[in-house]
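Beneath this line is the structure, given in structure tokens, with notes to follow.
The values are calculated or read from the model by the stated rules, or taken from the named source; none is laboratory data. Note that the structure is a prediction, hence the values are computed from the model and not measured. Every residue, glycine among them, receives a Cβ derived from its backbone with ideal geometry; neighbour counts consider all protein chains shown.
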Amino acid sequence: MSQDSSNPKKTPTPSNADHLSLSPDDMKIDPPAMEDSDFSNLLSNMKRNEVQGSSKKNNLNLFGADYFTNYEISWLQFNWRVLAEAMDERVPLLERVKFIGIVCSNLDEFFQKRVGGLKRQLHVGVQKLSVDGRTPIQQLKEIRTDVKKMIEAYRGCFFNDLLPALENKGILIRKYSELNDYEKKQIDEYYDTQLYPILTPLVVDQAHPFPFISNQSRSFAIELIDPTTSDHLFARVKIPSNRPRWITASSNEQQITLVEIDDVILSKIDRLFPGAEILSANIFRVTRSADIERNEEEADDLLDLIEEELRERRFAEVVRLEISSSTPRHIRLLLMEKMNVEQADVYSMTGSIGLADAMQLARVDGFNEIKVPEWVPVKHPALRHEIDEEAPSIFNVIKKGDFMVHHPYHSFASSVQHFVEEAAKDPKVLAIKQTLYRTSKDSPLMHALMSAAEDGKQVAVLVELKARFDEERNIEWAQKLEKSGVHVSYGLPGLKIHTKLTIVVREEEQQLRRYLHIGTGNYHPDTAQLYEDIGLFTCDADLGHDVTALFNLLTGFSPDQTYKKLMVAPHFMRSRMTELIDFEIAEAEAGRPGRIIAKMNSLEDPKIIERLYKASQAGVKIDLIVRGVCRLKVGEKGYSENIQVHSVIGRFLEHSRIFYFQHAGQDLYYIGSADWMHRNLDARVEAITPIDNVKLKQYLQFILNVYLRDNRQRWVLQPNNAYERIKRDANENMIASHSIFMKHTLGLDDPVPRS
């Protein structure tokens with residue numbers, strides 16, 4: 001939110017009568033105020049408190065397997081919460097279909113990364129216990145048990161609940177044999193012109209070895225008989241992924257009839273093997289590990305190393321085989337043998353396989369009444385202008401005061417993208433620097449940076465080549481940027497560059513001014529429509545110094561770099577976060593209130609969890625808003641009674657990181673790129689910035705309080721390590737976070753006053 005010193009206005013609130021009116025004022029966190037002298041005394045005594053150690057309440061050893069939940073099981077719990085959205089009848093029907101696709105896509109990534117990593121540990125003989133005391137084989141067994149239950153649940157939801165409901169709304173999915181003559185003619189023509197030319201039957205015999213099966217591909221395993229020799233042969237036909245999963249046979253305004261591509265190919269499978277007798281044709285799908293060991297210290301060129309890793313990943317170990325339950329046993333055994341798959345990695349199922357494609361089905365044209373209403377992000381109030389006026393320079397807006405964008409509620413295109421594009425064109429801009437972790441295939445930001453370099457500006461981009469599943473795209477962008485004259489760096493050996501920073505250096509009145517964007521999300525125009533993230537625009541001199549210093553560290557050599565305001569990982573963030581938690585402990589032990597609220601994607605780091613336990617023991621009230629994995633236990637007598645863990649799941653993916661510490665009435669707020677995970681604190685370059693502006697702090701306070709009072713999308717972790725969805729009383733107004741933020745944003749007709 002932008003700030004102005006004149007005419008302060010009350011923050012607008014949602015207008016829908018079905019939602020509780022919420023504002024920073026009526027949801028304010030109210031720690032007791034302290035006199036300046038009291039605060040100074042407290043600061044001077046903090047070191048003494050640390051040396052003296054914990055009070056008698058803090059005499060437990062809180063570092064052992066009994067104090068942590070398992071990472072993999074916690075991740076699967078998160079996916080169960082996503083699946084609950086697909087099962088929730090309050091959610092629009094096609095949105096429920098989309099959530100089935102998300103569940104399956106999540107599982108794909110889980111097997112590639114997490115299961116792949118566990119299996120690599122197992123195969124190289126690593127018996128190292130996880131922090132919760134489990135061996136790799138124990139975790140793999142528990143994963144299989146839970147995943148089998150999840151498969152049964154999501155497939156039951158899709159086939160037994162969603163497909164019949166779609167039919168009632170006019171979306172019919174039919175077998176080819178069930179089509180009428182007109183529809184068959186349409187499908188026949190599609191097959192002849194769009195499918196048959198790209199299908200490639202591959203037979204296995206002495207002259208043709210077993211073909212390579214690519215990751216996440218779906219194929220037919222076909223058994224046929226050679227009419228001349230009567231030999232039984234095996235053949236594979238890959239189902240093309242560059243064609244729609246569901247093909248339209250007929251449609252009108254009220255109804256559409258779709259046929260799955262699998263059934264279209266199966267109905268004409270004999271055309272691929274004329275003269276042969278086909279005994280069976282069944283679908284299978286493989287998932288390969290993405291966990292490839294790399295040694296960056298010995299690599300002469302990181303770009304070459306990542307390109308080699310991508311080639312290795314293509315042939316990586318198969319960690320999951322999904323197969324039709326009707327597949328003959330000898331064909332199943334053949335597939336297992338040829339791909340070196342164990343029985344524990346085989347998942348048999350009836351019906352369609354690979355339902356991550358359900359997200360395609362959810363985007364069927366029309367049928368708006370069973371979709372979530374479209375959300376169009378709003379231009380931030382500080383960047384709006386009258387129709388008959390020119391748009392204000394974003395640099396002039398930033399000079400007036402810090403402002404903060406909240407995606408996807410505020411438009412990415414008119415804020416972050418516009419910031420980079422205006423900088424690229426502005427003749428007063430001398431330099432632009434940016435970190436790139438993930439971006440879109442045809443990113444307008446990258447084109448703007450290339451244009452700026454071609455125009456003679458100094459442009460530097462830190463490209464993270466190791467961003468999992470985006471390596472190939474980032475390599476392509478790195479090469480394009482270099483060809484345009486951009487200075488491209490790949491970061492530091494052994495560390496991922498995960499921080500989200502842009503700095504623009506502009507010459508103004510014979511001096512240089514630095515303009516910054518510090519965010520929680522990637523510079524990705526597409527995911528900015530779906531991911532909830534926050535970004536700060538500022539020209540604060542101290543932050544400008546810090547961001548410049550951080551870029552110098554990343555592109556040059558400055559091992560003794562220090563920072564005035566930024567928390568930077570891996571060297572300073574952990575110690576600073578620990579200090580902030582310990583300060584709250586000292587407050588509580590002195591009989592004063594301590595308070596911590598933290599929002600993040602995942603909470604995994606054992607040392608941070610231990611400090612949170614110590615804080616809870618001391619009496620600090622702690623609320624953690626964690627979307628995904630959380631290894632902390634709640635409600636445990638003696639060490640976590642004062643901790644609550646919340647998880648918000650809905651149409652937008654919660655991605656921002658926000659940290660609040662009461663800090664003796666100072667109300668410290670921070671945003672940035674890092675979760676409380678070992679990898680973020682110790683193995684990545686991350687940056688978290690303080691938010692000092694009072695109005696911006698109020699908006700962050702508003703955000704956190706909406707989440708903590710949500711009674712529609714929020715889940716709460718229980719002492720038994722299970723999550724329960726919050727239930728709304730019949731007479732209680734609904735508070736749904738995403739709806740609240742959308743309505744709140746639409747209510748901002750004028751810029752928020754600056755202070």
Seminar exercise, completed: Flagged in the stretch 432-458 as crowded, with 20+ Cβ neighbours inside 10 Å, more than 20 Å from the chain's Cα centre (by Cα) and not in a loop (DSSP other than H, G, I, E, B), in numbering order, are 432, 433, 434, 445, 446, 448, 449, 450, 452, 453
Exercise. Out of all the residues in the stretch 709-716, is one or more assigned to a loop (DSSP other than H, G, I, E, B), β-branched (Val, Ile, Thr) and not assigned by TED's automatic domain parsing to the domain that holds residue 83?
Worked result: no
Exercise. Condition test on residue 638, is it of a type in the set (Gly, Ala, Ser) and modelled with pLDDT under 95?
Worked result: yes
Exercise. So how many residues does the stretch 104-132 have that are of a type outside the set (Lys, Arg), part of a helix (DSSP H, G or I) and under 20 Å from residue 341 (Cβ atoms)?
Worked result: 14
Exercise. Taking into account only those residues within the stretch 252-301 that are at pLDDT 95 or above and of a type in the set (S, T, N, Q), which is farthest from residue 334 (Cα to Cα)?
Worked result: 255
For this session: Would you check which residues across the stretch 152-187 are closer than 27 Å to residue 83 by Cα and polar (S, T, N, Q) and list them?
Result: 160, 168
For this session: Starting from the stretch 419-430, take each residue that is part of a strand (DSSP E or B) and list its partners that are of a type in the set (Gly, Ala, Ser), counting only C-beta distances under 7 angstrom and pairs at least six apart or across chains.
Result: 429/423
For this session: Taking the options 657, 684, name whichever one is under 22 Å from residue 402 (Cβ atoms) and crowded, with 22+ Cβ neighbours inside 10 Å.
Result: 657
Seminar exercise, completed: Considering the stretch 511-547, residues that are among the β-branched types (Val, Ile, Thr) and within 20 Å of residue 394 (Cβ to Cβ), and then whichever is nearest to the chain's Cα centre (by Cα), we arrive at 520
Problem set entry | Selection from the stretch 254-270 of residues that are more than 36 Å from the chain's Cα centre (by Cα) and among the charged types (D, E, K, R) | 268, 270
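Each row is one residue, and each column tells you yes or no for (1) within 21 Å of residue 356 (Cβ to Cβ); (2) small (Gly, Ala, Ser); (3) more than 29 Å from the chain's Cα centre (by Cα).
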position	(1), (2), (3)
111	yes, no, no
122	no, no, no
136	no, no, no
146	yes, no, no
149	yes, no, no
174	no, no, yes
209	no, no, yes
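Could you tell me which of the residues 362, 424 is in contact with a helix residue (DSSP H, G or I) (Cβ under 7 Å, 6 or more places away or on another chain), of a type in the set (A, V, I, L, M, F, W, C), assigned by TED's automatic domain parsing to the domain that holds residue 254 and surrounded by 19 or more Cβ atoms within 10 Å (Cβ to Cβ)?
Exactly one residue qualifies, and that residue is 362.
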Exercise. Quick check: anything in the stretch 274-283 hydrophobic (A, V, I, L, M, F, W, C), in a loop (DSSP other than H, G, I, E, B) and surrounded by 20 or more Cβ atoms within 10 Å (Cβ to Cβ)?
Worked result: no
Problem set entry | Enumeration of residues in the stretch 320-359 that are of a type in the set (A, V, I, L, M, F, W, C) and either closer than 17 Å to residue 144 by Cβ or surrounded by fewer than 17 Cβ atoms within 10 Å (Cβ to Cβ) (or both) | 321, 323, 333, 336, 341, 344, 346, 349
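One line per residue, one yes/no per condition, for (1) within 30 Å of residue 235 (Cβ to Cβ); (2) in a loop (DSSP other than H, G, I, E, B); (3) not aromatic (Phe, Trp, Tyr):
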{"residue": "149", "(1), (2), (3)": "no, no, yes"}
{"residue": "158", "(1), (2), (3)": "yes, no, no"}
{"residue": "166", "(1), (2), (3)": "no, no, yes"}
{"residue": "173", "(1), (2), (3)": "yes, no, yes"}
{"residue": "177", "(1), (2), (3)": "yes, no, yes"}
{"residue": "188", "(1), (2), (3)": "yes, no, yes"}
{"residue": "193", "(1), (2), (3)": "yes, no, yes"}
Exercise. Only one of (1) among the small types (Gly, Ala, Ser); (2) over 27 Å from residue 621 (Cβ atoms); (3) touching a Lys or Arg at 6+ places or on another chain (Cβ under 7 Å) fails for residue 556. Which number is that?
Worked result: (3)
Exercise. So which residues in the stretch 205-239 are within 18 Å of residue 268 (Cα to Cα) and assigned to a loop (DSSP other than H, G, I, E, B), if there are any at all?
Worked result: 239
Seminar exercise, completed: Pairs returned, first residue in the stretch 495-507 that is touching a residue at least 24 places away in the same chain (Cβ under 8 Å), second residue that is of a type in the set (Asp, Glu) and in a strand (DSSP E or B), beta-carbon separation under 6 angstrom, 6 or more apart or interchain, are 498/686; 499/686
